[in-house]
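Trainee: Here's a structure for you.
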Amino acid sequence: MNDQELDEALNRWKAPATPTPLRARVLADYPRGERRGRRDLGRLLRWSLAMAAVLGVLAIASAQSGGGALENLGEGINRLHMNTINWIHDLWVGHIASAFRNSHPRIYVDGELRSDAEFGGSGVGVWLRLPGEGKYLVALRRTVFEGPAPPRAGRFDGHVLEFKAGERTVRIESTGTFGFHERLPVYVMGPVDR
Amino acid sequence: MISLEEFTRAYDEHHAAMFRFAYRLTGLAADAEDIVHECFMGLLRPGCGFDAQRTPLRTYLLGAVRNQAAKRFRRREDAAAEVNTPPDRRSPETQALRAEMEDSVARAVLGLPDAQREVLILAHYEQMPLAEIAAVVGIEVGAVKSRLQRARGALREVLSQYQERLP
């Protein structure tokens, strides 16, 4: 087989044309990309404010407590320690969740592949919108909830996110695995809108 | 950030080459579609590394396609197995062999090592100059040449059996 014959053979493999809806999909996401940049900045600001608030509360509690100075200092350090651990854990879980979301996982509802379902989120929270049904908020950390957290509804191992949404079983499966296979509990609220 | 007008122009100018490249890297149109979408979203992110002064947009976007395809943890055998090119129905006998060959070409290209496959696709199917391929892949021009030669040698070996059977 000479070069020309090889070229002719290779030319037999045709690529399909770009699907027409892709253009609309990409262009429709233009503002979303812009918002994402603002969200990153907003998240940084929120974290900074949260840390400042924690330090402020610690300082006030220490000043107002009737205990001794050493006792106050110990409590303060303990609280700071716990907050820092939670903060690091939130960051880590948020990182895993972000990588999982960006891997374009496949969504199965009661075992059926649903290409019409939308999946997104930010930080340690994700959401799933099922057409005609609504949006389910899925939290990978209890710290997401200000009040009491809803009961545990599933688990996430970095590869599969599985949970109960009402009477349905939702399985969101990625081609990759993120994190160290730690099994995280999943808390679900919703549907919150339609 | 890039304006909507620039963004639209970038899509219109480059999406076809990106889609073809992604399709031939993964063997799946659905994956190629997602990859192209993700690459354009990457262009909008604040941390986007594109610098128009240093890199042509096409080179940057095809490099992004390459990176996205590499991230998709797809086993090559699976991808090759899923390639399903429709048979050409225009004539009966030799067309079956031609369709088989088209399928075989896809399998042979997808069966190449990643490093050879990407270079072959850009050189043969996208007709890119070696220097631009080197920029996309991030290697020297000499390495591009040798990868291309190895890829073509491997394909020649695999495909020659079909060529002999064609009229």
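Trainee: Could you give the size of the charge dipole of the stretch B:108-167 about its Cα centre, using +1 on the Cβ of each K and R and -1 on the Cβ of each D and E, expressed in debye and rounded to the nearest 20?
Mentor: Values: 7 positive and 7 negative charges, 42 e Å.
It works out to roughly 200 debye.
Trainee: While we're on this one: Would you mind giving the mean number of other chain beta-carbons within 10 Å of the Cβ of each residue in A:23-29, as a whole number?
Mentor: Numbers: counts 6, 0, 5, 14, 6, 0, 5.
Average per residue, whole number: 5.
Trainee: Please give the charge dipole size of the stretch B:1-74, origin at the Cα centre, charges +1 on K and R Cβ atoms and -1 on D and E Cβ atoms. Round to the nearest 20 debye.
Mentor: My answer is approximately 380 debye.
Trainee: Trypsin sites (Lys or Arg not before Pro) within the stretch A:144-183: which are DSSP loop residues with at most 13 other Cβ atoms inside 10 Å?
Mentor: Answer by residue number: A:R183.
Trainee: Something else about it: Loop-only check: which chymotrypsin sites (Phe, Trp or Tyr not before Pro) in the stretch B:1-74 are DSSP coil with at most 11 other Cβ within 10 angstrom?
Mentor: In loop regions of the stretch B:1-74 (DSSP not H, G, I, E or B), the sparsely surrounded chymotrypsin sites (Phe, Trp or Tyr not before Pro) are B:F73.
Trainee: Please work out how much length the chain gains when fully extended from A:I60 to A:R23, using 0.36 nm per residue of separation minus the C-alpha to C-alpha distance, in nm with one decimal. The partial results should precede the final answer.
Mentor: Numbers: separation 37, 0.36 × 37 = 13.32 nm, distance 5.53 nm.
Gain on stretching A:I60 to A:R23: 7.8 nm.
Trainee: Counting other Cβ atoms within 10 Å, which chymotrypsin sites (Phe, Trp or Tyr not before Pro) in the stretch A:139-194 have at most 15 and lie in a DSSP loop? Don't skip to the answer; put the middle values down first.
Mentor: Values: sites: A:F145, A:F156, A:F163, A:F178, A:F180, A:Y187; in loops: A:F145, A:F178, A:F180.
Counting only loop positions with at most 15 other Cβ atoms within 10 Å, the chymotrypsin sites (Phe, Trp or Tyr not before Pro) in the stretch A:139-194 are A:F145, A:F180.
Trainee: Counting helices only, and only those DSSP H runs with n ≥ 4, report the 222 nm mean residue ellipticity of the protein assembly as shown as the sum of -39,500 (n - 2.57) divided by its residues, in deg cm²/dmol to the nearest 500.
Mentor: -19000 deg cm²/dmol
Trainee: Return the single residue from A:R23, A:R43, A:R106 with maximal mean-square fluctuation; model: Gaussian network over chain A, springs between Cα atoms under 10 Å.
Mentor: Top of the fluctuation ranking is A:R23.
Trainee: Give the shape of the stretch B:95-139 as rounded, prolate or oblate, defined through the alpha-carbon gyration tensor: a ≥ b ≥ c are the square roots of its eigenvalues, a/c under 1.5 means rounded, and otherwise the shape is prolate if a/b is larger than b/c and oblate if not.
Mentor: oblate
Trainee: Can you find, among A:S122, A:M189, A:A53, the residue sitting farthest towards the positive end of the charge dipole of the protein assembly as shown, where Lys and Arg contribute +1 and Asp and Glu -1 at Cβ?
Mentor: A:A53
Trainee: Hey, what's the Cα Rg ratio for the stretch B:1-74 versus the globular rule of thumb, 2.2 N^0.38 Å? Numbers along the way, then the final one.
Mentor: Numbers: Rg = 11.8 Å, N = 74, 2.2 N^0.38 = 11.3 Å.
Against the empirical 2.2 N^0.38 Å value, I get 1.05 for the stretch B:1-74.
Trainee: Any chance you could check the Cα centroid distance between the stretch B:103-161 and the stretch A:167-194 for me, in angstrom?
Mentor: 40 Å
Trainee: At 0.890 mPa s and 25 °C, plugging the Kirkwood radius over alpha-carbon pairs of the protein assembly as shown into Stokes-Einstein gives what diffusion coefficient in µm²/s?
Mentor: Approximately 103 µm²/s, per Stokes-Einstein.
Trainee: Just to be sure I understand: if you take the accessible area of chain A alone plus chain B alone and subtract the pair, with a 1.4 Å probe, what total do you get in Å², rounded to 100?
Mentor: Looking at A and B, the buried total is near 3800 Å².
Trainee: Across peptide B:117-130, what mean number of C-beta atoms from other chains lies inside 10 Å of a residue's C-beta?
Mentor: Going residue by residue through B:117-130 and averaging, the value is 1.
Trainee: In the stretch B:10-33, what residues drop by 50 Å² or more of accessible area when the other protein chains are put back, versus the chain on its own? Use 1.4 Å, and skip ligands and nucleic acids.
Mentor: Residues passing the criterion (a loss of at least 50 Å², heavy atoms only) are B:Y11, B:F19, B:Y23, B:R24, B:E33.
Trainee: Nothing charged except the Cβ atoms of Lys and Arg (+1) and of Asp and Glu (-1): what's the magnitude of the dipole of the protein assembly as shown about its Cα centre? Round to the nearest 20 debye.
Mentor: The calculation lands at about 580 debye.
The values are calculated or read from the model by the stated rules, or taken from the named source; none is laboratory data. What you see is a predicted model; the values in this text were computed from it and never measured. Note that each Cβ is placed from the backbone with ideal geometry, even for glycine, and that neighbours are counted across all protein chains shown. The area values use the complete protein model at the heavy-atom level, side chains included, leaving out ligands, DNA and RNA. Shrake-Rupley method; radii C 1.70, N 1.55, O 1.52, S 1.80 Å.
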